[in-house]
Amino acid sequence: MQSTLELHDLSLPEINEGNSSLKELLTDLDPKVQMEIGNSIWSRQGFQIEEDFSSNLTNYFDAESSELDFNDPESVNVINNWVQKKTHGKINEIIESIPSGMIMYLINAVYFKGDWVYEFDPEKTTERNFYKEDGQVKKVDMMAQKLPAKFYSDENIQMIDLPYGNGLFTMSLIKPTSDSTPIDSLIETDLSLENLEKWYGENEKDTVDIFLPKLELSYEKSLNQPLENMGMPIAFTNQADFSNINRNGGLKISEVKHKTYLKLDEEGTEAAAVTSVGIGTTSVGPSNPVFNFNRSYVMILREKESGTILFIGKVGNPEN
């Protein structure tokens, strides 16, 4: 798992300390931005968790720990109510029921709310075309403004950085330079941490014209298969070793579920994400650069000082 997450050069204490420091940095960095991170562990009544594992979650991750009767349907509501509270009502449910073989849930919730440094004027928002990847054309509410911004542009990509609050949190919007280049091609060939560092390092600042769709999206996905494909299939099998959770072993990851909510409008951005790990038994002005996001694009919500990416995704349809 450490190798898959590219943490193989770090010891477990270093990973824990690093997470604790990063959480403190992100949540206290900008008084103009609301940035919250919540962690919790929910275990089946009577299941014995190793003391070191429990204390590490509390000390380094500020995790809330609760023991519940998983046979009681009300336990589902207790967990989902925690999710609803931590995401300010943007995500109301992460589990529908608790299978008989489930003995623990580890849940992470992230909430972000920030106003643009340069807010869009609602009176300039008009209905414009958005060109979907399947060839359909949809009418969307397109925001527009002229603003000073950092951007990068070459023969393959266009990227613009829109700041929030005091400027340490930003939204990066990335699209192919050519309208004929599929967004998936850009993602597969150009989008990497190395290239992102290059684009951020070589960006310039000027007055630009930007056209950006308003959006309010919800997204849900099981991460089992992606994580297996990335190199951690054993964690989902009977060969998994989670004896640090319970010395008797016999544990594996049953499901990893991720939900995201994102709202982007003239004032700023509101975003929430929840990830649950279920552990079970082995059972336009011509003189200005123009950034027109009327086709599929990539959006990255990040913190500049640490380079931490909080949210990343592809927008192929602003209305869904």
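A short reminder: the numbers here are calculations on the coordinates, not readings from a lab. These figures come from a predicted structure and were not determined experimentally. Neighbour counts are summed over all protein chains in view; Cβ atoms, including those assigned to glycine, are modelled from backbone coordinates with ideal geometry.
Structure above, values below:
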| item | result |
| --- | --- |
| Descending semi-axes in Å of the chain, equivalent ellipsoid built from Cα gyration tensor | 39, 20, 19 |
| Computed [θ] at 222 nm, helices only, for the chain once each DSSP H run of length n ≥ 4 contributes -39500 (n - 2.57) | -6000 deg cm²/dmol |
| Residues D241, D265 arranged by fewest to most Cβ contacts within 10 Å | D241, D265 |
| Nitroxide proxy distance, nm - points 7 Å out along Cα→Cβ at E24 and E133 | 4.2 |
| Chain lengthening between N166 and S180 when straightened (0.36 nm per residue, less Cα-Cα) | 1.4 nm |
| Farthest positive-ward along the chain dipole, Cα basis, beta-carbon charges - from H8, S55, T275 | T275 |
| Candidates per GluC sites (Glu not before Pro) in segment 153-238, loop by DSSP, up to 15 other Cβ within 10 Å | E155, E202 |
| Likely footprinting exposure, L215, L162, fewest C-beta neighbours within 10 Å first | L215, L162 |
| Rough spin-label spacing in nm, given labels placed 7 Å along Cα→Cβ, for D206 and D241 | 5.7 |
| Members of K198/K257; K257/K314; K138/K214; K23/K304; K263/K314; K32/K139 lying beyond 21 Å, as alpha-carbon distances in this model show | K198/K257; K32/K139 |
| Counting DSSP beta bridges with both ends in the chain, the antiparallel % (nearest 5) | 90 |
| Within segment 202-225: backbone nitrogen closer than 11 Å to the K146 label point (7 Å, Cα to C-beta) | 207-210 |
| Rounded to whole Å, sorted largest first: equivalent-ellipsoid semi-axes of segment 167-320, Cα gyration tensor | 38, 17, 15 |
| Of the chymotrypsin sites (Phe, Trp or Tyr not before Pro) in segment 107-192, those whose Cβ has at most 15 other Cβ within 10 Å and which sit in DSSP loop | Y118 |
| Cα-projected label distance for S3 with N77, points at 7 Å along beta-carbon direction, nm | 4.6 |
| Loop-located trypsin sites (Lys or Arg not before Pro) in segment 5-57, at most 16 other Cβ atoms within 10 Å (DSSP) | K32 |
